[in-house]
Structure formats: structure tokens, C-alpha cells
1. Give all pairs with beta carbons closer than 9 Å in which a residue from region 134-152 that is under 22 Å from TRP25 (Cα atoms) meets a residue that is among the acidic types (Asp, Glu) and part of a helix (DSSP H, G or I); count only pairs at least 6 apart in sequence or on separate chains.
2. When you scan region 69-80, do you find a residue that is more than 28 Å from ALA30 (Cα to Cα) and either exposed (fewer than 12 other Cβ atoms within 10 Å of the Cβ) or at pLDDT below 70 (or both), even just one?
3. Hey, could you check region 1-17 for residues that are aliphatic (A, V, I, L, M) and in contact with a strand residue (DSSP E or B) (Cβ under 6 Å, 6 or more places away or on another chain) and say which is surrounded by the most Cβ atoms within 10 Å (Cβ to Cβ)?
4. Hey, among the residues in region 102-138 that are surrounded by 13 or more Cβ atoms within 10 Å (Cβ to Cβ) and of a type in the set (Val, Ile, Thr), which one's modelled with the lowest pLDDT?
5. List the strands (runs of 3 or more DSSP E) inside region 1-56, counting only whole elements, that have at least 2 residues being at pLDDT below 90.
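The values are calculated or read from the model by the stated rules, or taken from the named source; none is laboratory data. Keep in mind the model is a prediction, meaning the values are calculated, not measured. Using ideal geometry, Cβ is built from the backbone for each residue, glycine included, and neighbour counts are taken over all protein chains shown.
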Amino acid sequence: MAADFDAAQVGNDLPSLIVTTPAVWTIYEALLTPTVSHNAGVREFRLTPDGARPIDNISGNQGFRALAFRGVPVVSDEKCTSGNIFTLNENHLFWWTIPQPAQFNRSENRGFGWTGFKEPVNQDAIAGQLLYYGQFTTDAPRTHARRTGVTN
């Protein structure tokens, strides 16, 4: 992950998001778990005739709900390609649109087009299509990285 992060960094322009599968996220979590510790402070205990007792119910919590690498969020997405880690710089990702054909109802030229409702000839129903004319692109591929083949 460090090599990918370093490869995607250009000067002070750092990656801002790391996306991976739930399975790889769990592998990363397992690597961090042995380094977790909890130090109970003096204010969490009260001295009684029977000894030191916790003030509140102190409970342990194992596992993480949020992870970060070098201060950048690491998130899991079940739609992410298996065995991959994507290191992304969101400042260089954009939606580009292309002109829509004239027959579509345009929505402020943001790339979406609606065909309107159509009535099929062989059934009692109506259907319509919401189309998008464009692509998700980057203006600096150098600011992203992809690690493949990540397994246990």
C-alpha cells in the first residue's frame, strides 16, 4: 500500500481515497488489530474498600468501523473488483458529458437523457429509458494507483 501511495503522490498532491473489497478490507484490519491497545486512565476507576472498581462499565471493543492509511480513508465496496486496491485522488476525477441526441428531454445538459414512456406492442405496460451520455475520467492518471492480486 505504501508503494501505491508513493506512486500516486505528485509533490503535495496526495491520494484522497483508498477503495477495496470487503475481503481485502478485512485483511488490512487484521494486520492492524495486533497493534490496538487500551489504556485505562486513573479517572476511569474509583478506590473502594474492596479495591479499585471501574466507574462505568468499561467494555472492550474489537474490530474497526473506519480505517485509514497515512491519514487517507480506506473504504470497502462490494462492487469493487475482487483482489484490488484502488488508490485514488478525487481532485483528478471528473464526469465528462457529450451532447445528447435532440429527441431526448434534456436535464440542464448534465449528460442525462430521458426517452419518455413507450408502450410495448405485446403487453399492457409502459417503459422508459434513462440514458447517460458521458464517461467517468481523470485528467491525471499518474495520481492514481491500482494494486491487483491481493489475497490472504
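1. Cβ pairs passing all conditions: ALA145/ASP4; ALA145/ASP6; ARG146/ASP4; ARG147/ASP4.
2. Among the residues of region 69-80, not one is more than 28 Å from ALA30 (Cα to Cα) and either exposed (fewer than 12 other Cβ atoms within 10 Å of the Cβ) or at pLDDT below 70 (or both), which makes the answer no.
3. ALA8
4. Among residues in region 102-138 that are surrounded by 13 or more Cβ atoms within 10 Å (Cβ to Cβ) and of a type in the set (Val, Ile, Thr), the one modelled with the lowest pLDDT is THR115.
5. Working: elements: 17-20, 45-48, 51-54.
Qualifying strands (runs of 3 or more DSSP E): 45-48, 51-54.
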